[in-house]
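Here's the structure, in structure tokens; my notes come after.
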Amino acid sequence: MSKSTQQGFTLLEVMITIALVLPSMAVIFMCTERTSRNIVADDNVAKIMETLQRSAVRIGQIARPGSLSSFRVKANEDDVLNAMANQVGEWMEPIDGQTRSTMQFRSATGRLSMNAQGLTSPRSFVFVMDTEEEDNDEDDDGDGLVDEGKVMLEYDGNQVVMASNVEGCEFNITGRTLRIVLSAGLIRRGGSIQRFSSEETLYLRNN
Amino acid sequence: MRELPVEARPDPRTSERGASLVELTVMLVSVVVLLAGALSGAVSHSAQRRVHGEQILAMAACRNTLEQLRGVDFETLPSLHNTGFDVPGTNGQPKGLPPLEGDSDGLPGRIAVQLNRSVSGAVLYTVRTTVTWRGATRGGEFSMECLMGERR
């Protein structure tokens, strides 16, 4: 067997190969890293937006048959000062155009009736912050979300989660139009907060 | 023991020979092409997600505008024909979706109100909300339609 047939790569061949491969691999690595970072970020945004959207629609479906005259909001200090309520936390009639985080109403039962008494018992939407979170614009429980909590539907002593991982919930009645806004905050890689919201508008048909 | 003829013996030169530079380069090019393919697949998946996100914004804006139109005075409904509306962004900020270039009012949404039928004083309109936008990827169009009559 001759010496020439057993030889491997020459140093020159290896150098040429490395010179060809290294820049290509560096570019590919950079592209892959940037792309995967963007994909993860896009995925998180899409997931949050979809969750907010679905939750807002779900809350809207419950609120839609609500009787306009039965809508109530919880009184705050300003309401007491303005003689709109006797004490903070009392259920009072909503002020046109004002935004609140809690809402109570009664719905049409769905049975055909000319009787105004045919309404459900009071139903309330209440925002409850997660136990490990504090209202401080920070991710206290380390799950990437800021000040998140749940929107609960309370009725007849029952509690149902209508939306989770949301930062806040707003209800606003203007005329017969009810506006529901759900919001969420996400911690980005750099540590900044990216906020999202989803709005659902309803025309309340029942008096 | 009979020896194999010389032609039948394995050729040590071919079995022990390494890959040539050409073979190695072809292999590397193949790897690069495969990686580029996988990367472009991931990018198109991401782009699809963005398109989906834009569609969600357009859909929500169309639905909310229709609900707001239910709240306006029924007599004024036809006058809203061909008026525009904005599409809020992911955080409710204005101009969430950019309109097409050359759009007259700079708003991606458009309301169309057309008479559907009118019977003995009762009027029914077909109301359509359409969003046409120039998206982060390829843009798109979404529309929603419903009938509206006067509530008595």
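The values are calculated or read from the model by the stated rules, or taken from the named source; none is laboratory data. Worth saying up front: this structure is predicted, and the values here are computed from it rather than measured. Positions of Cβ are backbone-derived with ideal geometry, glycine not excepted, and every protein chain shown enters the neighbour counts.
Among strands (runs of 3 or more DSSP E) lying entirely in segment A:92-207, which contain 1 or more residues that are without any contact (Cβ under 8 Å) to a residue 40 or more places away in the chain?
In segment A:92-207, the matching strands (runs of 3 or more DSSP E) lie at A:103-105, A:123-129, A:149-155, A:158-166, A:177-187, A:193-203.
Quick one: which residue in B:N91, B:N64 is modelled with pLDDT of 90 or more and among the polar types (S, T, N, Q)?
B:N64
So is B:L97 hydrophobic (A, V, I, L, M, F, W, C) and outside any loop (DSSP other than H, G, I, E, B) or not?
No.
So how many residues does segment B:66-82 have that are facing chain A (nearest Cβ under 8 Å) and in contact (Cβ under 8 Å) with a residue 60 or more places away in the chain?
Counting residues in segment B:66-82 that are facing chain A (nearest Cβ under 8 Å) and in contact (Cβ under 8 Å) with a residue 60 or more places away in the chain gives 1.
So, of the residues in segment A:65-81 that are more than 16 Å from A:A108 (Cα to Cα) and in contact with a Gly (Cβ under 8 Å, 6 or more places away or on another chain), which turns out to be surrounded by the most Cβ atoms within 10 Å (Cβ to Cβ)?
This residue is A:A75.
Name the single residue that is farthest from A:R195 (Cα to Cα) among those in segment A:17-44 being facing chain B (nearest Cβ under 7 Å) and among the β-branched types (V, I, T).
Among those that are facing chain B (nearest Cβ under 7 Å) and among the β-branched types (V, I, T), it is A:T17.
Within 28 Å of A:R34 (Cβ to Cβ) and within 14 Å of chain A (Cβ to nearest Cβ), is that true of B:A38?
Yes: the conditions hold for B:A38.
Quick check on segment A:185-206: of everything there that is small (G, A, S) and at the interface with another protein chain (Cβ under 10 Å from one of its Cβ atoms), which residue is farthest from B:G89 (Cα to Cα)?
Among them, the one singled out is A:G185.
Would you tally the residues in segment A:52-63 being within 11 Å of chain B (Cβ to nearest Cβ) and in contact with a strand residue (DSSP E or B) (Cβ under 7 Å, 6 or more places away or on another chain)?
5
Can you tell me which condition B:L35 does not meet? The list is (1) surrounded by 15 or more Cβ atoms within 10 Å (Cβ to Cβ); (2) among the hydrophobic types (A, V, I, L, M, F, W, C); (3) modelled with pLDDT of 85 or more; (4) farther than 30 Å from B:Y125 by Cα, and all the others hold.
Only one criterion in (1) surrounded by 15 or more Cβ atoms within 10 Å (Cβ to Cβ); (2) among the hydrophobic types (A, V, I, L, M, F, W, C); (3) modelled with pLDDT of 85 or more; (4) farther than 30 Å from B:Y125 by Cα is unmet by B:L35, namely (3).
Conditions: (1) in contact with a Ser or Thr (Cβ under 8 Å, 6 or more places away or on another chain); (2) surrounded by fewer than 19 Cβ atoms within 10 Å (Cβ to Cβ); (3) free of Cβ contacts under 8 Å to residues at least 60 places away in the same chain; (4) within 11 Å of chain A (Cβ to nearest Cβ). B:L100 meets all but one. Number of the miss?
So the condition that B:L100 fails would be (4).
Determine which member of the set A:D130, A:D143, A:D135 is within 19 Å of the chain's Cα centre (by Cα) and exposed (fewer than 13 other Cβ atoms within 10 Å of the Cβ).
From the options A:D130, A:D143, A:D135, the qualifying one is A:D135.
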